Amino acid sequence: MLILECPYCGVTADETELAAGGEAHLKRFGPGSSDEEFEGYLFHRQNPKGVHFERWRHANGCGKWFHAARCTASLEVFATYTAQIAEPPAEVIAAIRAKRPDWSPE
Amino acid sequence: MSTRLSSGGRLVNRSATCEFTFNGKRFTGFEGDTLASALLANGQTLMGRSFKYHRPRGVVASGAEEPNALMGIGKDGKFEPNQRATTAELFDGMQATTQNHWPSLELDVGAVNSALPRFLPAGFYYKTFMFPRPFWKHVFEPVIRKSAGLGKAPKDRDVDRYEHFYAFVDVLIVGGGIAGLQAALTAGASGARVLLVEQTAAWGGRAAVDGVEIDGQAAGEWINNTIQELKNMSNVRIRTRAMGAGVYDHGYSLVYERLTDHAPETGGPRHRLWRVRATQIITATGAIERPLSFAGNDIPGVMLASAVRDYVVNWGVSPGDRTVVVTNNDDAYRTALALLDAGLSVPAIIDARADVTGDLPQALRARGVDIRTGTGIATVKGGKTVAGVSVCAQAGEGAATDEIACDVVAMSGGWSPVVHLWSHCGGKLIWDEDHAHFRPDPDRAPVTHDGTAFVRTAGAAHGTMSTLDVLDSAAKSAIAAVEAAGFKATQHDLPLTNDVVEAPMSPVWMMPQGAGPAKRMKMWLDYQNDVKVSDVMLAAQEGYESVEHTKRYTTLGMATDQGKLSNINGLATLAIALNEDIPQVGTTTFRPPYTPISMGSIAGEARHDVFQPIRRTPIHEWHEAHGAYMEPVGQWRRPYCYPRNGESHDDAVAREVLATRQSLGLLDASTLGKIIVKGPDAAKFLDMLYTNMMSSLKPGKCRYGLMCNENGFLMDDGVVVRLDDETFLVHTTSGGAEHTHGHMEDWLQCEWWDWKVHTVNVTEQWAQIAVVGPNARKLLEKLGADFDLSAEGLPFMGWSEGKLGGFDARVFRISFSGELSYEIAVPASQGRVFWDALHAEGAEFNATAYGTEALHIMRAEKGFIMIGDETDGTVIPQDLGLGWAISKKKEDYLGKRAQERSHMTDPKRWKLVGLETLDGSVLPDGSYAVADGTNANGQGNTQGRVTSTYHSPTLGKGIAMGLVLNGPDRMGETIQFNKVDGSTVATKIVNPVFYDPEGEKQNV
């Protein structure tokens, strides 16, 4: 059972307090997008064994959505950060690189 | 024959006897006995039958690893099957029964399977699939079903109580042997919060049995002193009868405490499941001795060498008079010493090693014991008991050189560290050549949130075997753990121990080394599942290379013991058969729990009324007082109907519908979801959330809306009210308020975070009552309002607020029944008084409370859809004829792009229609419309399905809605729907609005 720190209220929360929301930083495609774009947005997920950016909600706490950068293999958490951002901030990338020098975003 | 020795037994209290029954026979044991030791003390060596061949089985082990001696213990509401006799503590009045035999333990007809092992080879279950289908159905399935499963499920409801307990510690130490005790001492001295748990009732593990001395103290004395010291530390908690069951992500772990299994008449909960958050975990879980694979190694009387000396030293029980010890290591010689010290006979020690030079063998030689080096057991003689062994050269094929009469064989194939907890959360293992076992690899420990190790090992679980190394590894692990948890450790001095020089063990995976097929068919690897050396070799021969596949194919290591004895021997056998090294073959996955834990402990307090929270409306008590038949709607309980004076539910529902349609009905609609959406961008937000336009809604007005997810599927519906320019009140379905609110927050927080909108779920702040029927306005007028109630002043789809009969009320003129209807919201605190007032003032109009079923029927009579009936997560609004509620003007809304996908615009999608059987009967729920021909699977084709079906009291016949291929274009056509009995019923496709299609009733 994971522990994640909610970046809004600062609580170190057990997974029972949280709700998982799947892959983070998806770009929404709406009307006018091509079938391929929309299919990618709706269905295609990276599902990596390793570094993953995820959406979580502090559902049984402050109610806020946030993002977590996490290793799906070792369960190491590199950072949690605001959901109100289109891509991982530089300091989160740096925190990941500090632990996983071989990793690079995309 | 096994018996109680005249003296000895460090764990039993000979002055306290316990009477118990075994298969109805009365026996006597002592306080401190396990069921297994007490049975042996009474000469009962036969303790069960094996799973597949029903072979007679005796106890093999003395602890949690026991595969054979599984019993049903207790009776009625306290009965539990599959309990290990080796871990069940004896108490006065215990009732134990054996399992897996018919008609009796002594005479088991199923034992005929034992004569047919050729027909029950590895994977026999899967091989049965290759037979023609009728053969499977009529021959194999009935036989397999009858023999499947160990023990019998209890028939009565469990009368015991269980609880969960939450704990937060710096260091959790699992295992109360000397390693765990030393780790607790060292960790406790740092001031860290320590929890030490031990699965048995006694501290100290094997040390006292093995004659360990620490700093000049006998093990027992050192253990007692250490426990006293730990009890004096306020930061240390210690618990016996508490097993570390599992280690999970980031230091979460479960401890299974058995509080009253040994004293069932005591009050309080039976089991307690500790849900522990530990910063660091030390596994001091010891090691388990391995059996040796020789022919006849499953005959009752063949036991682990360590178990034999446990029975002698711990419980003062002799497993037999003459014990042959068979070993590949020095440790088993301790058993011979213990037997000699107890005055028992050891006719020979059969040691597979050519050179036997350690201190312990020398001590035995000095006592005149016959030590046969380089030898093995060719076969064990006997049936239900051991009669003797024939001896052979270990290096050969098993030609017997001579026979030795004995009634016990004490075997030792070496020791395997208990690595389960280490492995649960990803700890990796390395193969130790010297000890021929897998042990934890400290460089690849399970890691916690910051990537650092959070599980460490101590003692035999670490792979260390001498007392000195055990204590040293424990102290070092404890120091590392407390420092990782942020405490300062005090250094520790190595103790003085009485370790002797032990010669290296030598791995023996088959005895004798060159045993042929006939012998391999008698060598058991897994006693519980009847898996033999020959089965694993057959699996390898049939192409099973992965240890995980072999496990499933042969059932090696399955069931209650999960291969605690058989794993290493099994995979070594597989490695030999595949001609690979053991580390290449690897182990199967270790999964929690370490040993089975009770279902009751998992449920904890969550039973009966507290299984889940129940939501009650402010009017709930009135419903109960008026005999409502309640149904669950999400976590709410809502009245389904209110039967009166022995009325059937159907009659009550019909009465409620007719009373409402004819005069006046009252519905507690408080469960309806209510969400406030407020802010400068609230209208823009609702335009995205709903398929239709909400920004054009005027304050004072209501509008029905449809909400889809990004896949385009309909997820919720309800009436949206504009309270003022910036404020909307969104009504959702009864079960959907929390989900819809979460959906809103998701989009607001994660996609449109710069939009100025605030949402609040106010569902429980308001009681809401629907006042429905031709006399609805008259009732409101009678109550008296300080606002206009007239048809013009409060028109259909309008709303007003003010005082109504003295209550602060919001009145929405909306209708889900097709009648003149008002939904009136009052503060929740006034809900019940308002409800009572409506009944009192409405009496002259025969005001009738109606339930959810009447609500459903009235909406179906009007052709209104219901989320969850007409929708199932695959239905889009276009399927339901709701095109009128989908804005053509809006550029975007959630689900719009998805609804343009080719499958969504396919004209062949089934569409909503009304359905009427020609004979007026009610269509069965979930019925399908049959079509000509069959599909690729040979199943009949379909062309539609029923989504809602009722008897309409208003119309006096069955009415239904359904989704039908090209349905709206086929009005008046008759198609066939299937019925449960296999016949079909002719059904006409009609307009889904069965009642008042012009809407004249609601518009008055």
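Computed from the coordinates by the stated procedures, all read-outs in this text should not be read as laboratory data. These numbers were taken from a predicted model, which means no experiment stands behind them. Backbone-built Cβ (ideal geometry, glycine too); neighbour counts: all protein chains shown.
With 5 Å bins from zero, work out the P(r) of segment B:821-929 over every alpha carbon pair and list the percent per bin.
2, 7, 13, 16, 13, 11, 11, 12, 8, 5, 2, 0
Between segment B:697-745 and segment B:450-522, what's the alpha-carbon centroid distance in Å?
63
Taking only Cα atoms of segment B:517-585, what ratio of Rg to Rh do you get with Rh as the Kirkwood inverse-distance radius?
0.92
Going by Cβ distance under 4.7 Å, what cysteines of the protein assembly as shown have no possible disulfide partner?
A:Cys6, A:Cys71, B:Cys18, B:Cys392, B:Cys406, B:Cys425, B:Cys641, B:Cys702, B:Cys708, B:Cys750
At 0.890 mPa s and 25 °C, plugging the Kirkwood radius over alpha-carbon pairs of chain B into Stokes-Einstein gives what diffusion coefficient in µm²/s?
Result for D is 72 µm²/s.
Sort out for me the Cα centre separation of segment B:586-607 from segment A:64-106, rounded to whole Å.
Comparing the Cα centres of segment B:586-607 and segment A:64-106, I get a distance of 33 Å.
Using only atoms on other chains, find how many Cβ atoms lie within 10 Å of each Cβ of peptide B:742-752 and report the average.
The shielding value for this peptide is 4.
Distance check, please: which entries in B:Lys701/B:Lys888; B:Lys862/B:Lys890; B:Lys890/B:Lys1001; B:Lys519/B:Lys551 exceed 27 angstrom between their Cα atoms?
Pairs exceeding 27 Å: B:Lys862/B:Lys890; B:Lys890/B:Lys1001.
With labels modelled as points extended 7 Å from the Cα through the Cβ direction, what inter-label distance (nm, one decimal) is found for B:Thr974 paired with B:Ser7?
The modelled label-to-label distance comes out at 10.0 nm.
In Å, what Kirkwood hydrodynamic radius results for segment B:924-969 from the alpha-carbon pair distances?
It works out to 12.0 Å.
How do the peptides B:847-857, B:584-594, A:9-19, B:973-983 rank, highest first, by the average count of neighbouring beta carbon atoms within 10 Å per residue?
Going from most to least packed, we get B:847-857, B:584-594, A:9-19, B:973-983.
Please list the non-local residues whose amide H lies under 5 Å from the amide H of B:Ala167, H modeled 1.01 Å from N, same-chain partners needing a gap of 5 or more.
Hits under the 5 Å cutoff: B:Arg275, B:Val276, B:Arg277.
List every residue whose amide H lies under 5 Å from the amide H of B:Asp716, counting only residues 5 or more places away in sequence or on a different chain, with H placed 1.01 Å from N in the peptide plane.
Amide H to amide H, under 5 Å and 5 or more residues apart or across chains, B:Asp716 pairs with B:Met707.
In terms of Cα to Cα distance under 18 Å, which aspartates and glutamates are near enough to B:Lys889, apart from those fewer than 8 places away along the same chain?
Cα-Cα hits under 18 Å: B:Asp687, B:Glu900.
In degrees, nearest 10, range 0 to 90: what is the angle between the Cα axis of helix B:467-484 and the longest Cα principal axis of chain B?
30
Evaluate peptide A:1-7: per residue, the Cβ atoms of other protein chains within 10 Å of its Cβ; return the mean as an integer.
Mean inter-chain Cβ contacts per residue within 10 Å come to 3.
In the P(r) worked out for the protein assembly as shown, what percent of Cα pairs fall beyond 48 Å?
46
So which chymotrypsin sites (Phe, Trp or Tyr not before Pro) in segment B:782-821 are both in a DSSP loop and have at most 14 other Cβ atoms within 10 Å of their Cβ?
Sparse-neighbourhood loop chymotrypsin sites (Phe, Trp or Tyr not before Pro): B:Phe787.
Going Cα to Cα from B:Lys674, which aspartates and glutamates come in below 13 Å? Please leave out same-chain ones fewer than 8 positions away.
Partners found: B:Asp716, B:Asp717, B:Glu738, B:Glu764, B:Glu823.
What's the average, rounded to a whole number, of partner chain beta-carbon atoms within 10 Å of each residue's beta-carbon in B:273-281?
Mean inter-chain Cβ contacts per residue within 10 Å come to 1.
Using packing as a proxy for protection, rank A:52-65, B:171-184, B:357-370, B:682-695 so that the peptide with the highest average count of other Cβ atoms within 10 Å comes first.
B:171-184, B:682-695, A:52-65, B:357-370
When N counts the residues of segment B:291-410, how does its alpha-carbon radius of gyration compare numerically with 2.2 N^0.38 Å, as a ratio?
0.96
Which entries in the list A:Lys99/B:Lys476; A:Lys64/B:Lys476; B:Lys75/B:Lys137 go over 32 Å, if you measure between the two C-alpha atoms of each?
Checking Cα-Cα distances, A:Lys64/B:Lys476; B:Lys75/B:Lys137 exceed 32 Å.
For B:Gly176, what is the net charge nearby, where nearby means another residue's Cβ is under 15 Å from its Cβ and Lys, Arg count +1, Asp, Glu -1?
+3
Mind ordering B:633-643, B:833-843 by average Cβ neighbours within 10 Å, highest first?
The most tightly packed comes first, giving B:633-643, B:833-843.
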